[in-house]
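Worksheet: one structure, shown below.
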Amino acid sequence: MSEAVAEKNYLNDPKGWKSWVFTLDHKRIGILYLASITAAFFLGGVFAVLIRLELLNPGQDLMGPDTYNQIFTLHGAVMIFLFIIPSIPAALGNFFLPLLIGAKDVAFPRLNLASYYIYVFGSMFAVYSIFTGAVDTGWTFYTPYSTETQTSVIPMTLGAFILGFSSIFTGLNFIVTIHKMRIPGMTWYKLPLFVWALYATAIIQVVATPVLGITLLLLIFERVFSVGIFNPDMGGDPVLFQHFFWFYSHPAVYIMILPGMGIISELIATFSHKKIFGYKAIAFSSLGIAFISFLVWGHHMFVSGQSELAAMIFSFLTFLVGIPSGIKVFNWITTLYKGQIHFDTPMLYALSFLFLFTIGGLTGIFLGALATDVHLHDTYFVVAHFHYVMMGGTVMAFLGGLHYWWPKMFGKMYNHFWSVIAMILVFVGFNVTFFSQFILGSQGMPRRYYNYLDQFQPLHAFSTIGSWILGAGFIIMAIYLIHSLFKGRKASDNPWGGLTFEWATGSPPPHHNFKVTPKMTHGPYDYDKVLVEQTDY
Amino acid sequence: MSESHTHPAHLAHHFSDVEQQRESAKFGMWVFLLTEVLLFGGLFMAYAIYRAWNPDMFYNAHKALNIYMGTANTFVLIASSVTMALSIRSMQLDKRKQTIGFLIATLALACIFLVIKYFEYSHKFHVGQLPGKYYSYTGIKGTNPHIFFGIYFGMTGLHGLHVLAGMSAIVWVLIKTVKKKFSAEYYTPVEMVGLYWHLVDLIWIFLFPLLYLIG
Ligand SMILES: [Cu+2]
């Protein structure tokens, strides 16, 4: 091979905008997703900053109650349906799953591209609803309010319905890819743990999302034809909607967190330069979480008039989620023990994940306990809890993965100093914003109100300042990441000393992923057998 | 890639051999069928709950459905599944003309199904046996009969859309068969469409007794 050929990679070969718009390359589709979810994250982030700004002082200063209802609904809907569900699987997963298993692509490249355009199409419905009166139901679309409100519910639910198909197609593609596309010799127990996590995620995507689809369809029927299924005046039951909705949306929480846990397994092993502790336990706990996730939806209805027996069973089953989650945290910490830990930026995110996710998970146990939940239900405690899991967990893992794989994706290193500054700002800002909300919630501050009693002001103001720190962190991150694309130092093929296959190819990888098909010479975490050096400092 | 000696045109670049490609397609299709079952699962759930709450009304309301048309449609769809299976068998034996014939027969049977369904629907529209607030019929005793028709139209309507989707898929493989894209070596798309069509048939087999044969 000549020098000129060797420099070609998936970013510059083939050329032209058409080669991007119609690309079937999983890496390019991953990049398209990455750009889109980043845009969604900033949109949702702007809504978040607006919410916190309104809550800086009691009373109305920035927006009235109706606008506030719309803004928090949009924040939730955009962050969940447009950002966090596709974030890790569709962006990072798409890019790295085939690389991690030594494949040239996912099993169905055209379906992969279709899933991206379905995502874009569904997002357009969501954006359209913003311009036609937005939605003020909360992202949960609870009946009967969602069937009565004058806001633009149908475009938003239709958008979520369409986005569901995108998610199903990604999940389906990943399941088949993991089953059929592994290189010879890569047995299930030699899969990188991120792949196990994507597999468990894909199962939930495929099994739960159709139920969301039919739920949203029924809601649209209800609005258009007043079918009456969710309307108590017509012999229907609004709580049935909640059952349907949470049958998807609780497992969806694990669509969000499981891939994050997969990234953490990779980061902890690579940056400890040590064989991961309890490989099988971590792998099976992913499947265990996926399985249990389908049995706990009733914990969202402890105060919705569900029977006491059902509530007790759901409460008990909810506690079970703590077991596989605890197994993971235990194994990660044990991997750190006596490892050669390198505190690079991705590792800092992994460590903050450990800290924040543990708080998020533990407070989930509080909320799963019946008596405690009656006190804390629909308060800021719940808001703080799920932000610790979703943002403290998934977003931290996503950022860790992004910083870990950035040199591989773009072939450039970002500025180390600024990346640490941004990480510290995000970590501190996050805790300032949301830890205060645990206290607010336990004192009785209800969620989803634009106004509050004067006594809550200090903590609310504290939380709002946190949102500014967070914002500053993300702006710095955007600047140094974009800067790195143009001015960044060239990254080596294996900057962190990883043992998984993506580090065995070029940075960025060539069009067909590998110049030579990789061979299974060692397991993904065999740091005890193979000597690799971290080359980038 | 150019070096490889056996590289049939229908083998995509990212698969190492035809077997892997075929296995992947099949497995993917089965996973997709699972999602379809779950999509209908929500409606079956709603059916079970409202039937448990209004057992008498469900019994009375089901009498408003035309059991002869329902039975006829059941036989039509089963027959279409047979012709679909035969079209795949013919392709395996490399008999392209037979395949085309069986695919057209399948399409024709699907059309008959939809025509019968059209007559059923238009009768219900006519007498006001409709969902929710559009329900204006008065001859059914029991609580909330409009719910039964909401579920009836929801289930059969969604199933009808699947029949249409299946027909489009059959037209697509029919065109490809006519264009000689398939042979005894490669007929995976026909097989996949067949699997989908059997699922559409199977869902009806569950809908029919649940809606038409109560009590
Ligand atoms: Cu939940």
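Given 0.36 nm per residue, what is the gain on full extension from A:K15 to A:Y189 after removing their alpha carbon distance, in nm?
Value of the extension gain: 58.8 nm.
The calculated FRET efficiency for the pair B:V127 and B:A184, based on their C-beta separation and a Förster distance of 45 Å, comes to about 0.30. Shown is the FRET efficiency for B:M69 and A:T334, computed with R0 = 60 Å from the Cβ-Cβ distance and rounded to the nearest 0.05: 0.35. Our summary of shape: the Cα atoms of the range A:264-345 have principal axis extents of 53, 25, 16 Å, ordered from largest down, in whole angstrom. Label zone of B:L34 (point 7 Å out along Cα→Cβ, amide N under 19 Å): in the range A:168-196 this covers A:168-182, A:188-189, A:195-196. Note on A:H512/A:R489: beta-carbon distance plugged into 1/(1 + (r/R0)^6) with R0 of 25 Å gives a FRET efficiency of 0.40. Angle of helix B:18-53 to the longest C-alpha principal axis of chain B, folded into 0 to 90 degrees and rounded to 10: 0°.
One decimal place: the segment B:V171-B:T143 gains 5.7 nm when fully extended, by the rule 0.36 nm per residue minus the C-alpha distance. Of all aspartates and glutamates in the structure, the ones whose alpha carbon falls short of 16 Å from that of A:K180, not counting any fewer than 8 places away in one chain, are A:D105, B:D17, B:E19, B:E23. Placing unit charges on the Cβ atoms of the charged side chains and taking the dipole of chain A about its Cα centre, the candidate lying farthest along the positive direction among A:G45, A:H416, A:L287 is A:H416.
Scaling against 2.2 N^0.38 Å puts the C-alpha radius of gyration of chain A at 0.95. With a cut-off of 14 Å between beta carbons, the residues surrounding A:P14 carry a summed charge of +3, where Lys and Arg count +1 and Asp and Glu -1. Using C-alpha pairs under 8 Å with a sequence gap of at least 6, the mean separation divided by the residue count of the range A:3-504 gives a relative contact order of 16 percent. Approximating the spin labels as points 7 Å out from Cα along Cα→Cβ, the B:F27-to-A:N451 distance works out to 5.9 nm.
Pair-distance distribution of the range A:446-500: all C-alpha pairs, bin width 5 Å, starting at 0; shares per bin in whole percent are 4, 13, 12, 12, 12, 10, 9, 8, 7, 8, 4, 0.
At q = 0.14, 0.16 Å⁻¹, what is the log10 ratio I(q)/I(0) for the range B:1-154, with the Debye formula run over Cα points and no solvent? Computed log10 I(q)/I(0) values: -0.91, -1.04.
Summing Cβ point charges (Lys, Arg +1; Asp, Glu -1) relative to the Cα centre of chain B gives a dipole of roughly 640 debye.
Compared with the dominant Cα axis of chain A, that is its longest principal axis, helix A:153-180 is turned about 30°.
Taken along the Cα-to-beta-carbon direction at a fixed 7 Å, the label points for A:A369 and B:L213 span 5.3 nm. The relative contact order of chain B, computed from alpha carbon pairs under 8 Å that lie at least 6 residues apart in sequence, is 30 percent.
About its Cα centre, the protein assembly as shown has a charge dipole of approximately 1760 debye under the convention of +1 per Lys or Arg Cβ and -1 per Asp or Glu Cβ, with nothing else charged.
Work through the residues other than B:A9 whose Cβ is under 11 Å from its Cβ and net out their charges, Lys, Arg +1 and Asp, Glu -1. Mind dumping the intermediate values first?
On the way: positive: B:K181; negative: B:E185.
Summing Lys/Arg as +1 and Asp/Glu as -1 gives 0.
Testing the spin-label approximation: label points 7 Å from Cα along Cα→Cβ at B:A48 and A:L287. State their distance in nm. Modelled inter-label distance: 2.5 nm. The long axis of helix A:238-272 is offset from the longest Cα principal axis of chain A by roughly 30 degrees.
Which entries in A:K15/A:K490; A:K338/A:K519; A:K275/A:K328; A:K338/A:K529 show an alpha-carbon gap greater than 19 Å?
On the way: A:K15/A:K490 21 Å; A:K338/A:K519 30 Å; A:K275/A:K328 15 Å; A:K338/A:K529 17 Å.
With Cα atoms farther than 19 Å apart: A:K15/A:K490; A:K338/A:K519.
A:Q70 sits among other residues whose Cβ lies under 14 Å from its own Cβ, and their net charge, with Lys and Arg +1 and Asp and Glu -1, is -2. The alpha-carbon of A:K190 sits under 16 angstrom from the alpha-carbons of these aspartates and glutamates, leaving out residues fewer than 8 places away in its chain: A:E266, A:E502, A:D526, A:D528.
All of the numbers you see were taken from the coordinates with simple rules; none came from a lab. This is a predicted model, so every value here is computed, not measured. Neighbour counts are summed over all protein chains in view; Cβ atoms, including those assigned to glycine, are modelled from backbone coordinates with ideal geometry.
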